[in-house]
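One structure, as structure tokens, below. Some questions next.
The values are calculated or read from the model by the stated rules, or taken from the named source; none is laboratory data. Here the structure is a predicted model, which means the values were calculated and not measured. Cβ placement follows ideal geometry from the backbone for every residue including glycine, while neighbour counts extend to all protein chains displayed. Accessible surface is based on the protein model in full, side chains and every heavy atom, while ligands, DNA and RNA are left aside. Shrake-Rupley method; radii C 1.70, N 1.55, O 1.52, S 1.80 Å.
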Amino acid sequence: MATIDDVSKRAGVSRSTVSRVVADNGYVSEEKRRVIQKAIDELGYRPNTLAQALRSNRSNMIGAVVVDIGTPYFANMVYGLQRATRKAGKALMVSSGYADQDEEARAIIELVDRSCDGILLYIERPLRPDVVEIIRAAHIPVVMIGRMGSEVARGSVQFDNAGGARAAMNFLLEQGHRRIVHLSGQADFGDTAARLEGIAEALAARGMTMADIHVVNGEFSQEFGYSATLALLEEGRDFTAIFAGDDDMAAGVLLALRHAGKSVPRDVSVIGFDDTFHARHLWPPLTTIRQPVDEIGETAASLLLKLLGEPGSGMLQHTIGTSLVVRDSVGPARL
């Protein structure tokens, strides 16, 4: 395996000059850079990143904890995270917290123990006190995603969940729907509470209240969307529209309605939230609220990189907007 000494001999420059090029730290003339890069390519030299980290006290590793990396929503967010970190020459280590306080704590501690330069958190539970102290002792900058900052966060990226839900409910109401079911996510999730707030605002603007619609709490999953819709049909509830808490849930709703012989949107209109990849490929294509999930990830990572580059920065905050995407799953209310 080629060493830095091999590169310096091949290029005819000092070892320190090669080090400056490899670390991209310090002045080296363009002519020497080209010679050194040519030697690196010819020899197949790869720098010892562990040794570099020990010398610089930087691992060049960014850590991230999300709810569940196995879902399309969070996979897309990680894509955005990686887009920003790779551009900055940083590696990315991602773990799932599964909306469980102890699992989230375990994932965060693992990232701290691996000397990550900074950590991005999309978590659903309050940080355990011991984790707060561990982060503080490590002096690692933290950016929160999806919620306002915590006691250790120096940056946050939030979503306009309330505005998106308000737009979705307004659209259903404009189509004449009044017998509306909202399938909501876990009651103690921040996204759930914000979306319910937006729904209430849309109803209030028309002199209505939450009592005028039917809300069913469950999980952000296709399985819940399917089972909850079948239960509504079996109990004989009269409804003309379902506002699903997210697109996974909406996929289950569409499947249940199809199995029950219901036509969408002729018999029942369906609207989702997120505009995940599969939303446009469902049948009928799903009307939904778009959250630019990859942009959320990229923005959060960019804030963290700014904190690393400018340690004296104050609190950094950014809100990502939403937009209504009209496809074929919502139509006028049936009489």
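Filter the stretch 57-74 down to residues that are open to solvent by 50 Å² or more (accessible area, probe 1.4 Å) and either assigned to a helix (DSSP H, G or I) or hydroxyl-bearing (Ser, Thr, Tyr) (or both), then give me how many there are.
Summing the residues that are open to solvent by 50 Å² or more (accessible area, probe 1.4 Å) and either assigned to a helix (DSSP H, G or I) or hydroxyl-bearing (Ser, Thr, Tyr) (or both) in the stretch 57-74 gives 1.
Here's the yes/no breakdown for (1) over 23 Å from Lys90 (Cβ atoms); (2) among the small types (Gly, Ala, Ser); (3) at pLDDT below 75; (4) not in a helix (DSSP H, G or I):
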{"position": "Val28", "(1), (2), (3), (4)": "no, no, no, yes"}
{"position": "Arg34", "(1), (2), (3), (4)": "yes, no, no, no"}
{"position": "Ile40", "(1), (2), (3), (4)": "no, no, no, no"}
{"position": "Pro47", "(1), (2), (3), (4)": "no, no, yes, yes"}
{"position": "Gln52", "(1), (2), (3), (4)": "no, no, yes, no"}
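State all residues of the stretch 76-110 that are in a helix (DSSP H, G or I), under 18 Å from the mean Cα position of the chain (by Cα) and among the hydrophobic types (A, V, I, L, M, F, W, C); if no residue qualifies, say none.
Matches in the stretch 76-110: Met77, Val78, Leu81, Ala84, Ala107, Ile108.
If a residue must be acidic (Asp, Glu), in contact (Cβ under 8 Å) with a residue 12 or more places away in the chain and surrounded by fewer than 18 Cβ atoms within 10 Å (Cβ to Cβ), how many such residues does the stretch 228-250 contain?
If we filter the stretch 228-250 for residues that are acidic (Asp, Glu), which is where we start, we get 234-235, 238, 246-248.
Imposing the further condition that a residue be in contact (Cβ under 8 Å) with a residue 12 or more places away in the chain reduces the set to 238, 246-248.
From the residues that got through so far, the ones that are surrounded by fewer than 18 Cβ atoms within 10 Å (Cβ to Cβ) too are 238.
Residues flagged as acidic (Asp, Glu), in contact (Cβ under 8 Å) with a residue 12 or more places away in the chain and surrounded by fewer than 18 Cβ atoms within 10 Å (Cβ to Cβ) within the stretch 228-250 amount to 1.
Output the residues belonging to the stretch 224-245 that are among the hydroxyl-bearing types (Ser, Thr, Tyr) and out of contact with any helix residue (DSSP H, G or I) (no Cβ under 8 Å at 6 or more places or on another chain).
From the stretch 224-245, those among the hydroxyl-bearing types (Ser, Thr, Tyr) are 226-227, 229, 240; that's our starting set.
Scanning the stretch 224-245 gives a single hit, Thr240.
Mind listing whichever residues of the stretch 200-224 are in contact with a strand residue (DSSP E or B) (Cβ under 6 Å, 6 or more places away or on another chain) and buried (at least 20 other Cβ atoms within 10 Å of the Cβ)?
Here is the first cut: in the stretch 200-224, the ones in contact with a strand residue (DSSP E or B) (Cβ under 6 Å, 6 or more places away or on another chain) are 213-217.
Of everything in the stretch 200-224, just one residue is in contact with a strand residue (DSSP E or B) (Cβ under 6 Å, 6 or more places away or on another chain) and buried (at least 20 other Cβ atoms within 10 Å of the Cβ), namely Ile213.
Residue by residue through the stretch 291-308, note down the ones that are within 13 Å of the chain's Cα centre (by Cα), at pLDDT 95 or above and surrounded by fewer than 24 Cβ atoms within 10 Å (Cβ to Cβ).
Scanning the stretch 291-308 gives Glu298, Thr299.
Follow-up. What about Leu120, is it more than 21 Å from Val325 (Cβ to Cβ), of a type outside the set (Val, Ile, Thr) and part of a loop (DSSP other than H, G, I, E, B)?
On the way: more than 21 Å from Val325 (Cβ to Cβ): yes; of a type outside the set (Val, Ile, Thr): yes; part of a loop (DSSP other than H, G, I, E, B): no.
Here the answer is no, as Leu120 does not meet what is asked.
Any idea which residue in the stretch 251-271 is surrounded by the fewest Cβ atoms within 10 Å (Cβ to Cβ), counting only those that are outside any strand (DSSP E or B) and touching a residue at least 40 places away in the same chain (Cβ under 8 Å)?
Filtering the stretch 251-271 for residues outside any strand (DSSP E or B) gives 251-268.
From the residues that got through so far, the ones that are touching a residue at least 40 places away in the same chain (Cβ under 8 Å) too are 253-254, 264-267.
Details: Val253: 30, Leu254: 25, Val264: 21, Pro265: 20, Arg266: 10, Asp267: 14.
Here the answer is Arg266.
Mind listing whichever residues of the stretch 153-191 are surrounded by 20 or more Cβ atoms within 10 Å (Cβ to Cβ), assigned to a loop (DSSP other than H, G, I, E, B) and of a type in the set (A, V, I, L, M)?
Ala153
Next up: Got a number for residues in the stretch 201-223 being part of a helix (DSSP H, G or I) and within 25 Å of the chain's Cα centre (by Cα)? Before the answer, list the steps.
Start the filter on the stretch 201-223 by keeping residues that are part of a helix (DSSP H, G or I), which leaves 201-204, 210-212, 222-223.
If we keep only those that are within 25 Å of the chain's Cα centre (by Cα) too, we end up with 222-223.
Total meeting the criteria: 2.
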